[in-house]
1. State which residue pairs qualify: first residue in the same structural domain as N684 (by the TED database) and inside the stretch 701-722, second residue part of a loop (DSSP other than H, G, I, E, B) and aliphatic (A, V, I, L, M) in any location, beta carbons under 7 Å apart, and separation of 6 or more residues or different chains.
2. Which pairs turn up if I take residues in the stretch 53-68 that are touching a residue at least 24 places away in the same chain (Cβ under 8 Å) and farther than 12 Å from L32 by Cα and look for partners that are hydrophobic (A, V, I, L, M, F, W, C) and surrounded by 14 or more Cβ atoms within 10 Å (Cβ to Cβ) with beta carbon separation below 8 Å, at least 6 apart in sequence or on another chain?
3. Could you list, in sequence order, all residues of the stretch 51-107 that are within 30 Å of N173 (Cβ to Cβ) and of a type in the set (V, I, T)?
4. Being open to solvent by 20 Å² or more (accessible area, probe 1.4 Å), touching a helix residue (DSSP H, G or I) at 6+ places or on another chain (Cβ under 7 Å) and not assigned by the TED database to the domain that holds A44 narrows it down to one residue among V203, V171, V191; which is it?
5. Looking only at residues that are within 24 Å of the chain's Cα centre (by Cα) and either modelled with pLDDT under 85 or among the aliphatic types (A, V, I, L, M) (or both) in the stretch 369-386, which one is farthest from Q334 (Cα to Cα)?
6. Only one of these is modelled with pLDDT of 75 or more, in the same structural domain as D384 (by the TED database), in a helix (DSSP H, G or I) and under 21 Å from I546 (Cβ atoms): L461, L432, L427, L449. Name it.
7. Listed residues M308, M270; which is of a type in the set (A, V, I, L, M, F, W, C), more than 18 Å from L413 (Cβ to Cβ) and either assigned to a loop (DSSP other than H, G, I, E, B) or modelled with pLDDT of 95 or more (or both)?
8. Restricting the first residue to the stretch 174-188 and requiring it to be within 14 Å of I145 (Cβ to Cβ), which pairs with a second residue that is of a type in the set (V, I, T) and modelled with pLDDT under 95 meet a Cβ separation below 6 Å and a spacing of at least six or different chains?
Amino acid sequence: MSNQKKRNFQIEAFKHRVVVDPKYAEKTWKILEHAIHEIYNHNASGLSFEELYRNAYNMVLHKFGEKLYTGLVTTMTSHLKEISKSIEAAQGGLFLEELNRKWNDHNKALQMIRDILMYMDRTYIPSTQKTPVHELGLNLWRDNIVHATKIQARLLNTLLELILRERTGEVINRGLMRNIIKMLMDLGPSVYQEDFEKPFLDVSAEFYKGESQKFIECCDCGDYLKKAERRLNEEVERVTHYLDTRSESKITNVVEKEMIANHMLRLVHMENSGLVNMLLDDKYEDLKRMYNLFRRVHNGLSTIREVMTSHIRETGKQLVTDPEKLKDPVEFVQRLLDEKDKYDRIISSSFNNDKTFQNALNSSFEYFINLNPRSPEFISLFVDEKLRKGLKGVSEEDVEIILDKVMMLFRYLQEKDVFEKYYKQHLAKRLLSGKTVSDDAERSLIVKLKTECGYQFTSKLEGMFTDMKTSQDTMQGFYASHPELGGGPTLTVQVLTTGSWPTQPSVTCNLPAEMSALCEKFRSYYLGTHTGRRLSWQTNMGTADIKASFGKGQKHELNVSTYQMCVLMLFNNADRLSYKEIEQATEIPAPDLKRCLQSLALVKGKNVLRKEPMSKDIGEDDAFFVNDKFASKFYKVKIGTVVAQKESEPEKQETRQRVEEDRKPQIEAAIVRIMKSRKTLDHNNIIAEVTKQLQSRFLANPTEIKKRIESLIERDFLERDTTDRKLYRYLA
């Protein structure tokens, strides 16, 4: 094959010319034109589409595409003009129906025509950059029907009138509306927007402007918001039924602007029904509605937040500065917790757990809790009340919930070290008197405090628990080494490490002789087993169980404080004692003695003593007797002392002074830490850094920081820069 001579093939044109009938184009077009007429007249069933397609194909092939295209435009235009007249003639409600019917007919006709002229659509039109058949049909419909002088305005007015009727509660033909709007959308975005959407939005704005004015004059805030919400939902529903989905944001913006944004402040501050009233009356549904509507508009949520914040601050300020409400610390803290619970519920159920609202709530609480300098003391007293034994009906789980709430208030305190001072005092009293719900609850709170403020904050508190455990072991050792003490009074001593426990002034008190001898034996035992230690008795913190006999041979076991025991034991040797005699014999400080006698003689059901004259207060001229008529259905009678209460003014000053003293080394330590790492720092920055470092414990006073800097300069830890007096240097 390869050796064979290659043959060259060549295709040549016909030798004779192909002659086309000069009237070919005209004849063929007449056939096609007739077919288009038949299609528009609904007589397409008798047409041969294959033959018509071939005719159109041949016309394009023989370069008669232009004639075919212009003929199509002319024929369709004349039909559409006829259709336009028929639509214009339709009366009333039939207008849209006629328009819809003719539009459907036009679409079907257009589909058939496009099928016949498919070859022209694919070859001639792209090469000459003319409009494709389907698009051409839509454009001609737009120009001859939708934009016809007598149809355009009528169509818009009819559509807007139907929407208005629907807004006022009438039922309209939504299917027909959907078809007409779909027609406008099919004709191109600009037709839908210019011929319908823009006027629709303008008319809607006017409608809602008038409606909102009418509503706001006659409705309260809650009802107005319901109406606004309903209108918004209606518009969204309208869009889903028969408008372009892209219109949703535009129409909802109109409703939001006219019904919410323009009346925002008036709604929030509406008398007797605005935001403040909703908050006071716990109207969760209304608040949720307000939140959901206002979040849609610019500055809506910030408006709610500002009003809520100022309301909380105002009510909180009244709460913490009202002298009446400060009389009972436990009630005071409970009110704070109730207030916090109330707003937490509102934020979670109505404000979608919005973090910005939570932050506003926290800052408001922090603001007003710190307006009352006694808040740390009151919170500690509240804890003391909750953690005491004898809290009826409170399970450990409930105590845990209460502790979590207390920790929440604790976080708001700027002076956490003041709380620590009081908490330590109250914890000491609970541990020493055994009046605690459970050690687990106490330790749980300490763990929470440790997590919040670090090890430094709780190390001494943990030391108190260690001392209680060590004391148990010490007592076992004491009785093991003194077996002869088995028959007499029993002594239980708690040995407290001075640094861990709140410092108490060593109060003198003359113990009964029996107890005094026992105490001396313990002192000898303890100092014999521990070298280099000193013991000082804190009689004001002790308790005692004593057996007493009353008239008619009634016997009871009384649980009393050490002071009360000292007083009662005096009556073994006397029937009547004056206040002065008791004071002289026991040497108990006057305020404590009065409190002690008050609980022994004036508490109904616990009055083992009686006094003359009978009065509510203890006077220095009073005389006391054993109450022979004392009776109780219990064998064991607990005679409480006055519970932990608010400090008196001098005590408060003293605690404050101790707190200020404790702060000095902490401020100095912070300054040295900062200067050690920074080497040089100016005055303003050192104040800012120290404040930041210490804010987890207390709010450092700039004046105090300045004094500590001066003190450190005197002790050669720091020095001032020679040229810039506000610049400090660290001296290694």
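The values are calculated or read from the model by the stated rules, or taken from the named source; none is laboratory data. This is a predicted model, so every value here is computed, not measured. Backbone-built Cβ (ideal geometry, glycine too); neighbour counts: all protein chains shown. When the accessible area is computed, the model is the full protein with side chains, heavy atoms only, and any ligands, DNA or RNA have been set aside. Shrake-Rupley method; radii C 1.70, N 1.55, O 1.52, S 1.80 Å.
1. Going by the 7 Å Cβ cut-off, the qualifying pairs are D716/L731; F717/L731; L718/L731; E719/L731.
2. V60/L68; V60/M120; H62/A25; F64/A25; F64/W29; G65/M59; G65/M120
3. Hits for the stretch 51-107 are I83, I87.
4. One residue alone meets the criteria, V203.
5. Out of the qualifying residues, it is L371.
6. Only one candidate qualifies: L432.
7. It is M270.
8. L184/V191
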